[in-house]
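**Student:** Structure provided below as structure tokens; questions to follow.
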Amino acid sequence: MPYHSSGRIQPTPLEPQQLNLFADNTITPNYSSKADNLLMSADALQEWKSRIREHQQRVRANQSPQQATLFDLAPTHCDPEAIDPFTSHLQPMAFYRMPDDFGQAALYFVIDSAASLLLYVGETKRSNKRWRGTHDCKHYIGSYQDLHYRYQMETAVNIGFWWDAPVERRARQQLELSLILKWRSPFNKENWELWGQPFK
């Protein structure tokens, strides 16, 4: 070992790699920076929304109005080609706290009216109970809105219902799936591979 001018033995400094291996306190990552890096940029968010809106508006443009008669009303009223989520009467997301009786089978559509964007398609047997408990879509909506607030971008997320849904669960789920695949609503897991999961 080298000697100091005072005559004491001076230890040889450890190599940087050794210091890292034996150090008790490792460097903790800056999670706030990491979280920022994982967020969509404002431009990426706009582009993501534009791609979805382009598809959904094309679907609306190609959806020919169906003229029903007294004789074919029953078999065709559940035709997914005849259902336009954007024409549904929108309610606030806290609709289940309202005194109105929403307790019946329905399809429901989560729509950002400010962006003309259908975000989610769902089905329920009891529409006034579906949103009271835990629902993954609530988290996606919260993250979606938080990101818009962060970039000071307008958003208006509401929910609309289609009340002519079949009472029988299997038929209602089949209709729901047809609409999910048709409109490619981004918060439904069936479309995650297509649009990604930026708000999970």
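A short reminder: the numbers here are calculations on the coordinates, not readings from a lab. Predicted model, so just to flag it, every value in this text is computed and none were measured. Don't worry about glycine lacking a Cβ; one is built from the backbone with ideal geometry, like all the others, and counts go over all protein chains shown.
**Student:** Among LYS125/LYS182; LYS49/LYS125; LYS138/LYS200; LYS125/LYS200, which pairs are too far apart, with a Cα-Cα distance over 20 Å? Intermediate values should be presented prior to the final figure.
**Tutor:** Working: LYS125/LYS182 22 Å; LYS49/LYS125 30 Å; LYS138/LYS200 10 Å; LYS125/LYS200 26 Å.
Over 20 Å apart, Cα to Cα: LYS125/LYS182; LYS49/LYS125; LYS125/LYS200.
**Student:** What list of ³J(HN,Hα) values in whole Hz, one per residue of segment 53-59 in order, does the Karplus curve 6.51 cos²θ - 1.76 cosθ + 1.60 (θ = phi - 60°) give from phi, with Gly and Pro shown as x?
**Tutor:** Calculated HN-Hα couplings, in order: 4, 4, 5, 5, 5, 5, 4 Hz.
**Student:** Quick one: length gained pulling TRP163 to GLN63 fully straight, 0.36 nm per residue minus the C-alpha distance?
**Tutor:** Working: separation 100, 0.36 × 100 = 36.00 nm, distance 2.03 nm.
Extra length from TRP163 to GLN63 when fully extended: 34.0 nm.
**Student:** Sequence-distant or interchain residues sharing an amide H contact under 5 Å with GLN91, placed H: which?
**Tutor:** Excluding prolines and chain starts, which carry no amide H, the hits are ILE159, GLY160.
**Student:** While we're here: Between ARG170 and SER116, how many nm apart are label points set 7 Å from Cα along the C-beta direction?
**Tutor:** 3.9 nm
**Student:** Rounded, prolate or oblate: which one fits segment 108-200, using the alpha carbon gyration tensor with axes a ≥ b ≥ c (rounded when a/c is under 1.5, else prolate when a/b beats b/c, else oblate)? Intermediate results must be reported in sequence, preceding the final value.
**Tutor:** Details: a/c = 1.95, a/b = 1.61, b/c = 1.21.
Judged from the Cα gyration tensor, segment 108-200 comes out prolate (a/c at least 1.5, a/b above b/c).
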